[in-house]
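Chemist: I'd like to ask you about the structure that follows.
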Amino acid sequence: MSYDLRLIFQHGGQVAASCHATKPNMLNVHLVPHTHDDVGWLKTVDQYYYGDRNDIQHAGVQYILDSVVDQLLKNPDRRFIYVETAFFYRWWKQQSSSMQQTVKQLVNEGRLEFVNGGWCMSDEATTHYSAVIDQMTMGLRFLNETFGPCGRPRVAWHIDPFGHAREHASMFAQMGYDGFFFGRLDYQDRARRMVKREQELLWRASNSLTPPMADLFTGILPNGYNPPEGFCWDQSCDDPPIRDDPDLEDYNVDDVVKRFLTIANSQAMVYKTNHIIMTMGSDFQYENANLWYKNLDKLIRYVNGQQANGSKVNVLYSTPSCYLQELHRANLTWALKTDDFFPYADDAHDFWTGYFTSRPALKRYERISNSNLQTCNQLEILGGPVSRKGPFGDGESQTMKKAMAVAQHHDAVSGTEKQHVANDYARRLANGWQHCQVLVSNSLTALSGSSAKRIYCDNLNISVCPLTESINVYNPLARPVAWPVRLPVNGTSYVVSDAEGKSVDCQVCVCVCVCVCRCKLHLYAFSKPYMHDIVHLYFLLKTEYLCVHVLQFIRVTFDPDTGLLSSLSNLETKQTIKLTQNFYWYNASDGNNKESNQPSGAYIFRPNSSTPFIISKTAKTESIQEVRQWFAPWVSQVVRLYGDSRALELEWTVGPLPIDDDLGKEVITRLDTSIKTSEYFYTDSNGREMLQRKKDFRPTWNLSQSEPIAGNYYPINSRAFIKDDVDQLTVVTDRSQGGGSLQNGSLEIMLHRRLLYDDVRGVGEPLNESSGVFPEGLVVRGCLRLSLDRPPSAADAHRPLAQQVVLQPLLTFTDGDLHPNTQLEFSGLQAALPPAVHLLTLTQWDKDSVLLRLEHQFQSQESKVNSHPVTVNLQVRHSITHRAHLTGFLNCTFCP
């Protein structure tokens, strides 16, 4: 299929003035000077900016920007692009007013161009779309407020992420970008595209939005993001400079020109127009920009000098926007793509699918932090200006916003950084949450009228909390939710009261108080441990089966001989499927293999066998208001059903992974069912739209499969499902993980990885996590939620459930008695939003305005009920108008 680029190029007139002229009858080579500055990888963000710890990697971003600006001023023909706003923002704040004015002039003239423009270059496999939008907002807002229209990036630039998500392309298109450039795609896909000259294409990135709303021109760069071989002139490179003194014995201009013309003409053979692009730069280059620019000036002069001798190659300084403008002018049609670019492999046995799960604890912490940030943002508005008063000064949420933005980087939440850098990301998130806690406390005090001290139990995941007697529950979703709340307690008998003082049921289970909470909208503050509308938790023991039975919605059976799950039933729809769940591990390859020396590592997943090792064929099982299973000393699980829930909860605990056999382990859980899947399964794209997958298959090219396990793994950001015409089993995850369906009716998800070898992709250390608490290896706990539905209506259940997992209710605790006049309930909305409409963003924009984003959360034709346009009337309540300075009505229609 093909598509006309003219329909989506929006900013041609604005770009033209700053672009060098090209020659229509020649091959125009667009040289793009750039630097790729990771917002943390081998060094921390601070170390990279200041140039610290050069014993790890020589890199200092502040010097790069100093040097580049200096060199741009020396020659108006020169160009440079910059990407990572997190670094530029920091540099900008340190400049004098005269230097800032100079840089603004460079931007206005198009000599310094911002591309991408987010706070970082985000990962595309392990990030949730809401967090990506936030970090893009932070970077783009700074550029807009600082430079105006001339600072607006027009090209998305993801040259380093390890595979590319369709949802990212969709978001970029909806943000108004004209094009998207990246460097990494599967080696087989690239080879095919080179032959067919389809390395530039039209990506139709949504099946729900009417074209061209989510259409984005996409270009695959020829050398990743590096310069052509032999043409790297950075201080970190070894290529010889251009020696153009004819009196020198080693004069090499003729050789340089010849080699460059050969490379340019060869590259032109695999692209479609008489314009090609070359990335002249790489990781943390241009610290001494004079080296690059002096040689690039010479390269342009001497190559173009050959035109007098009949050469048809024209070389120019350029930017991605200028290059894209020329492709637009070519007036051609382009190949069409509707799927994504996962998984990514750079060789037959080198699939970059391990990082989908790498550092699972950090991935979970990032997801929790996202939820906490949204709550912090909302309460900052609902509580008014008093919320922002505290020991950290005005605007406590900014620290958390910046920490979360940095965490989206493709070497952060991806888990592909060095250990000390991972620790730094976690420290930043923890520091951000400390700032937000002040804001949340201030807001809850203002809304409830109670000045009682607020306590935050950040260790509830390991059942540690010094105070659980008076609970506040805040629901950040704009609709009621049913959510289980588990609290550590010391006794065995408790009375739980609601806001009206009415007693509600609560069950105590081995020192854990288990309650089911139905939160209304936003805030509840209670004088006693309170959960609204509690439904009893039923666990029945039968002689022939160990059975957990909830009368309303779900029945689960366990095999009496093995102790494993044996079936799952939906009592509403009268569905029953066979369901066996167990835990396995793959031994990681150590690189000692006749086929390839590639080991498993932080990036690469490469098991040394296609058959996983079962941890135990049986599970020791105990039923005490919940079913507890022990598979090994390092693998256990709790199976829970809640009376008001339509999902089965599997809380797994894995670690420390044993490595006595000197082999790394990659632990999975596998669900084997009676569902007839025909080798198809479905995963989400960054938590938003769902994509169909098939074993050993790629929609746009013929795959030669060389790694039957790793080559069939995909990112699962929030959910995956398998289905046939009758049944659909959906698994909702609590963090980003990798998984696949390797046999009919089966779905496996990787939970934890511990590896003993580096995979030679730059990080330089094995993924072997430990901590002071777990010196023998990291212990990770997580939760999977399973739901069984009829395929036509399954989305109506799993989408809201996935949103609840992403945006969980926040629990806080009050120390001391509440004042009798304390307001025990509060809602920021007069009514719940319709099921199809999701409150994506509610945050303070400036002193007098707020930013509100609503989205239609269902795909087209996904749901018979909810995949239709929805019209919403929004009226701000008078009681908070003085805080938000919003008036009147907004009449909005949202389409899937």
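Chemist: Mind scanning Lys363/Lys723; Lys578/Lys695; Lys363/Lys402; Lys196/Lys695 and naming the pairs with a C-alpha gap bigger than 19 Å?
Modeler: Lys363/Lys723; Lys578/Lys695; Lys196/Lys695
Chemist: Along the Cα-to-Cβ line of Asn597, 7 Å from the Cα, sits a label point; which residues in the stretch 743-782 have backbone N less than 15 Å from it?
Modeler: Answer for the stretch 743-782: 758-761.
Chemist: Using amide H atoms built in the peptide plane, which far-off residues or other-chain residues are under 5 Å from Leu767 H to H?
Modeler: Those qualifying (amide H under 5 Å, at least 5 residues apart or on another chain) are Ala602, Leu755, Tyr757.
Chemist: Say each of Lys294 and Gln507 gets a label point 7 Å from the Cα, pointing the same way as Cα to Cβ; how far apart are those two points in nm?
Modeler: 7.7
Chemist: HN-Hα J couplings of the stretch 815-829 from phi, Karplus 6.51/-1.76/1.60, θ = phi - 60°, integer Hz, Gly and Pro as x?
Modeler: Ordered by residue, 3J(HN,Hα) equals 9, x, 6, 7, 5, x, 8, 4, 7, 8, 9, 8, 10, x, 10 Hz.
Chemist: What's the exposure ranking of Ile716, Ile675, Ile381, Ile577, going from fewest to most Cβ atoms within 10 Å?
Modeler: By the 10 Å Cβ count, ascending, the order reads Ile577, Ile381, Ile675, Ile716.
Chemist: Can you compute 3J(HN,Hα) from phi for each residue in the stretch 50-56, using the Karplus curve 6.51 cos²θ - 1.76 cosθ + 1.60 with θ = phi - 60°, rounded to whole Hz and x for Gly and Pro?
Modeler: Result, rounded to whole Hz: 7, x, 7, 6, 5, 5, 7.
Chemist: While we're here: With labels modelled as points extended 7 Å from the Cα through the Cβ direction, what inter-label distance (nm, one decimal) is found for Tyr50 paired with Ser493?
Modeler: 6.0
Chemist: Also: Arranged by the count of other C-beta atoms within 10 angstrom, fewest first, what order do Asp178, Asp123, Asp424 take?
Modeler: Neighbour counts put them in this order, fewest first: Asp424, Asp178, Asp123.
Chemist: Roughly how many Å is it from the Cα centre of the stretch 115-151 to that of the stretch 467-487, as a whole number?
Modeler: 32
Chemist: Can you work out ³J(HN,Hα) from phi for every residue in the stretch 596-604, in order, using Karplus 6.51 cos²θ - 1.76 cosθ + 1.60 and θ = phi - 60°, giving whole Hz and x for Gly and Pro?
Modeler: For the stretch 596-604, the Karplus curve yields 6, 9, 7, x, 6, x, 4, 8, 8 Hz.
Chemist: Are there any helices in the chain, counted as whole DSSP H runs, that stretch 27 Å or more along their axis by Cα and score at least -1.0 on average by Kyte-Doolittle, and if so which?
Modeler: 360-382, 419-448
Chemist: Specify which residue in the list Asn288, Pro484, Cys322 is farthest towards the positive end of the charge dipole of the chain, using unit charges on the beta carbon of Lys, Arg (+1) and Asp, Glu (-1), about the Cα centre.
Modeler: So the residue we want is Pro484.
Chemist: Of the listed values (i) 28.5, 92; (ii) 57.2, 235; (iii) 28.4, 98, grab the one calculated as Rg and Dmax of the Cα atoms in Å from the structure here.
Modeler: (iii)
Chemist: Full-extension gain between Met99 and Ser236, please, as 0.36 nm times their residue separation minus the C-alpha to C-alpha distance.
Modeler: Length gained, Met99 through Ser236: 46.6 nm.
Chemist: Go ahead and estimate [θ] at 222 nm for the chain from helices alone: -39,500 (n - 2.57) per DSSP H run with n ≥ 4, summed, over the residue count, rounded to 500.
Modeler: Using -39500 (n - 2.57) per qualifying helix, the result is -7500 deg cm²/dmol.
Chemist: Rank the residues Asp239, Asp245 as a footprinting-exposure proxy: fewest other Cβ atoms within 10 Å of their Cβ go first.
Modeler: Asp245, Asp239
Chemist: Here's something else I'd like to know. Scan around Gly745 for amide H atoms under 5 Å from its own, H built in the peptide plane at 1.01 Å from N, and keep only partners 5 or more places away or cross-chain.
Modeler: The answer is Thr677, Ser678, Glu679.
Chemist: Considering amide H positions built from the backbone, and no H for Pro or chain starts, which residues 5 or more places from Asn314, or on another chain, come under 5 Å of its amide H?
Modeler: Leu27, Asn28, Val29
Chemist: On a C-alpha basis, how far is the centre of the stretch 573-618 from the centre of the stretch 224-240 in Å? Whole number, if you could?
Modeler: 40
Every number here is computed from the coordinates shown, using simple stated rules; none is lab data. Not measured: the values here are computed from a predicted model. For neighbour counting, all protein chains shown are included, and Cβ atoms are generated from backbone atoms with ideal geometry for every residue, glycine included.
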